[in-house]
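Peer 1: Quick one: the structure is below, and I'll ask about it shortly.
No value in this document is a laboratory result; all are computed from the given coordinates. Worth saying up front: this structure is predicted, and the values here are computed from it rather than measured. So basically every Cβ, Gly included, is an ideal-geometry build from the backbone, and we count neighbours across all protein chains shown.
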Amino acid sequence: MTGEHGVTGEHGVPGEHEGTVLLAERADRADLEAAAARRGWPRAAISTAASAEMEQVAWQVPGLFVLYSEVHLLGHRVVRVAGEDGAVVAEALGAVRDAVPTVPVDDLLAVLLARPPAEPTRMIRALNGLRAADIWNAANGRRPPEDPRYPEAVERAVRHPERQVVRAVVDAVHDLMEIRPGLEAPVVALRGADGPARDVIDDFAGFCDGLR
C-alpha cells in the first residue's frame, strides 16, 4: 500500500495470516463500506483504476489490513484480509461474509465438476472466479493447500466442446500453475489432440516446454 489513491498488492502489516473471499455478483460495496465503518476500520487508501486494472479500497487498523479489489479483467470482486493474529483475521473475514454475500470456492468447483457440463458462461465465470480467489496467492507466490478437485476440474473443463471454455481453462491454468503445481498436466496431455481449441492447447503446451 502506498497511501491515498495508491493501493498495491502488498499489505501494510507484517501479517502471517490471511484469507480471501470472493464476492457474489449481487454484493453491494456500500454494505461493505458500512460494515467497515461500524467496526471502526478507518479507510487507509483508495485507487480508481482503468477498466483493465483493479479498483481498490483499503482499511487498516493496528495488526489488520482489509483490501477490497474489483478485478475488472476477470469480472469478479474479492476481499483480502491479512494480519498478525489468526483469530483476528478469521473474525474480520466473518464480518465481511456477514456484510455481503460471498461465493465459496466449493461452489465454483461444483460448477466445473458438474455432469452434464454446465453452460459455457457459467463455466467461464467459475474459472475466472478461481483465478480471482487465488489472485493474492499468485501475486505473493504462496501455495494454498493442495486440493485434488482443481486438477479434476481442469481435466473435465479442458475437454469442453466450446472453444471459449477451453481458452478460459488455459488462462486459469496459466495464472495458477505456479502456486498449484501440476495443474497444467491435464492440458498438456491433450497436445496434438483434435478439438475446438487445439491451437490454444498446443501453444500452451509449447509455453510449458519452455519453462523446463
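Peer 1: Between Val71 and residues 5 or more places away or on another chain, which pairs have amide H atoms under 5 Å apart, with H built 1.01 Å from N, and which residues are they?
Peer 2: Result for Val71 returns His76, Arg77, Val78.
Peer 1: Can you compute 3J(HN,Hα) from phi for each residue in region 205-212, using the Karplus curve 6.51 cos²θ - 1.76 cosθ + 1.60 with θ = phi - 60°, rounded to whole Hz and x for Gly and Pro?
Peer 2: Rounded to whole hertz, the list is 4, x, 4, 5, 4, x, 8, 8.
Peer 1: Please list, ordered by chain and number, the residues whose modelled amide H lies under 5 Å from the amide H of Ala45; skip anything fewer than 5 residues away on the same chain.
Peer 2: So Ala45 has HN proximity to Ala58.
Peer 1: Positive end of the dipole of the chain, charges at C-beta (+1 Lys, Arg; -1 Asp, Glu), about the Cα centre: which of Leu109, Ala95, Val61 has its Cα farthest in that direction?
Peer 2: Of Leu109, Ala95, Val61, it is Leu109.
Peer 1: Further, regarding this structure: Please compute the net charge surrounding Ala27, taking Lys and Arg as +1 and Asp and Glu as -1 over other residues with Cβ under 13 Å from its Cβ.
Peer 2: -2
Peer 1: Let me ask something else. Which whole-number percentage describes the relative contact order of the chain, with Cα contacts under 8 Å and a sequence gap of 6 or more?
Peer 2: 17 percent
Peer 1: Quick one: if you stick a label point 7 Å off each Cα along the C-beta vector at Glu84 and Asp147, how many nm between them?
Peer 2: 3.0 nm
Peer 1: Could you give each residue of region 188-203 its phi-based ³J(HN,Hα) in whole Hz, using Karplus coefficients 6.51, -1.76, 1.60 with θ = phi - 60°, and x for Gly or Pro?
Peer 2: Each residue of region 188-203 in turn: 4, 5, 9, 4, x, 7, 5, x, x, 9, 4, 5, 5, 5, 5, 4 Hz.
Peer 1: Classify region 105-210: rounded, prolate or oblate, from the alpha-carbon gyration tensor (a ≥ b ≥ c, eigenvalue square roots; a/c under 1.5 rounded; otherwise prolate if a/b is larger than b/c)?
Peer 2: Cα axes put region 105-210 in the oblate bin.
Peer 1: Please report, in debye to the nearest 20, how large the charge dipole of region 105-210 is about its Cα centre when each Lys and Arg carries +1 at its beta carbon and each Asp and Glu carries -1 there.
Peer 2: 200 debye
Peer 1: Taking the Cα centre of region 17-103 as origin and charging only Cβ (+1 Lys, Arg; -1 Asp, Glu), how large is the dipole, in debye to the nearest 20?
Peer 2: Using Cβ point charges on Lys, Arg, Asp and Glu, region 17-103 gives about 120 debye.
Peer 1: Compute the distance from the alpha-carbon center of region 163-212 to that of region 109-137, in whole Å.
Peer 2: 16 Å
Peer 1: Rounded to whole Hz and in sequence order, give me ³J(HN,Hα) for region 76-86 from the Karplus expression 6.51 cos²θ - 1.76 cosθ + 1.60, θ = phi - 60°, writing x for Gly and Pro.
Peer 2: Working through the residues one at a time gives 9, 10, 9, 10, 10, 10, 9, x, 7, 10, x Hz.
Peer 1: Take Asp202, project a point 7 Å from its Cα along the Cβ direction, then tell me which residues of region 156-178 have their backbone nitrogen under 18 Å from it.
Peer 2: 159, 163-164, 166-167, 170
Peer 1: Give the relative contact order (percent, whole number) for region 17-103; include only Cα pairs under 8 Å separated by 6+ residues.
Peer 2: Reported as a whole number, the value is 40 percent.
Peer 1: Among Leu211, His72, Ala139, which residue has its Cα positioned farthest towards the positive end of the charge dipole of the chain, with +1 placed on the Cβ of Lys and Arg, -1 on the Cβ of Asp and Glu, and the dipole taken about the Cα centre?
Peer 2: Of the candidates, His72 comes out farthest on the positive side.
Peer 1: Have a look at Arg156, Arg115, Arg77 and tell me which one the Gaussian network model of the chain (Cα, springs below 10 Å) gives the largest fluctuation.
Peer 2: Its mean-square fluctuation being the largest, the pick is Arg115.
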